[in-house]
Amino acid sequence: MGNVAVFASGSGSNFQAIADALKGSPHRLVLLVCDRKKAYVRQRAQAAGIPVEDINYSRAGTREDAERELLDRLKPRSIDLIVLAGFMRLLSPLLVDAYKDRIINIHPSLLPKYPGTHGIEESYCSGDRELGITIHRVDYGLDTGPVIRQGKIPRIEGESLDDFEARIHALEHRLYPEVILDILEGNII
């Protein structure tokens, strides 16, 4: 049985997909870590009975100070895997090293193309015929960790950005839980 912590900053649609997928498994979603007080993901966690830990980067001084405090709160929960799901922060080496190879992220482009916060828009505006998502391990860089899996979708000419974004999110909601379960079950090392 694996214990999962999700780090999120926004609406939490990937959080919900993960929570739903873990319900029928021997693994548990034990914690949401959130850095925004008004993020809708908090309501999703509350509805699912998942505790929420705040991380306040601006109050703590340095990024390392904030994450050091968080590490003290993560330790008693025996976290096996940290899953970033729209967490819009670059983690410090302190946290990455504490959970070496046990932090994963999802990104809405086929990395190494279009890293950073505008992956969906940059993919949409590109001339690429094939678009998609990347699930990768987290290292010290911005979307630079080793790729675990990519999912691809074809470009649809004339498709609106909103429709494209909906297809990207649907792909995320299907593949991310699959990869998480594969990692927890030892099918991906």
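Things worth noting here:
- Selected from Leu81, Leu31, Leu161 as most flexible by GNM, with the chain as the system and alpha-carbon contacts under 10 Å: Leu161
- For the chain, the Cβ-based charge dipole about the Cα centre amounts to some 520 debye (Lys, Arg positive; Asp, Glu negative; other atoms uncharged).
- Each of the peptides 166-173, 23-30, 46-53 was scored by the mean count of other Cβ atoms within 10 Å over its residues; in descending order, highest first, they stand as 166-173, 23-30, 46-53.
- This model, with +1 at the C-beta of Lys and Arg and -1 at the C-beta of Asp and Glu, gives segment 1-48 a dipole about its Cα centre of some 180 debye.
- Distance between segment 77-111 and segment 168-189 - C-alpha centres, whole angstrom: 14
- Partners of Lys113 within straight-line reach, counting aspartates and glutamates whose Cα lies under 15 Å from its Cα and excluding those fewer than 8 residues away in the same chain: Glu121, Glu122, Asp128, Glu130, Asp143.
- Summarising the strand pairing of the chain, around 40 percent of its internal DSSP beta bridges are antiparallel.
- Rounded to the nearest 20 debye, the dipole magnitude of segment 108-189 is 260 debye, with +1 charges on Lys and Arg beta carbons, -1 on Asp and Glu beta carbons, and the Cα centre as origin.
- Set of aspartates and glutamates with alpha-carbon distance to Lys38 below 17 Å, sequence-local pairs under 8 removed: Glu53, Asp54
- Of the residues His27, Leu110, Val147, the one whose Cα sits farthest towards the positive end of the charge dipole of the chain is His27 (charges of +1 on Lys and Arg Cβ, -1 on Asp and Glu Cβ, taken about the Cα centre).
- Nonpolar atom fraction for segment 31-123, defined as the carbon and sulfur part of the 1.4 Å probe accessible area, stands at 50 percent.
The values are calculated or read from the model by the stated rules, or taken from the named source; none is laboratory data. Everything numeric in this text was worked out from a predicted model, so none of it was measured. Don't worry about glycine lacking a Cβ; one is built from the backbone with ideal geometry, like all the others, and counts go over all protein chains shown. These accessible areas exclude ligands, DNA and RNA; they are computed on the full protein's heavy atoms, side chains included. Shrake-Rupley method; radii C 1.70, N 1.55, O 1.52, S 1.80 Å.
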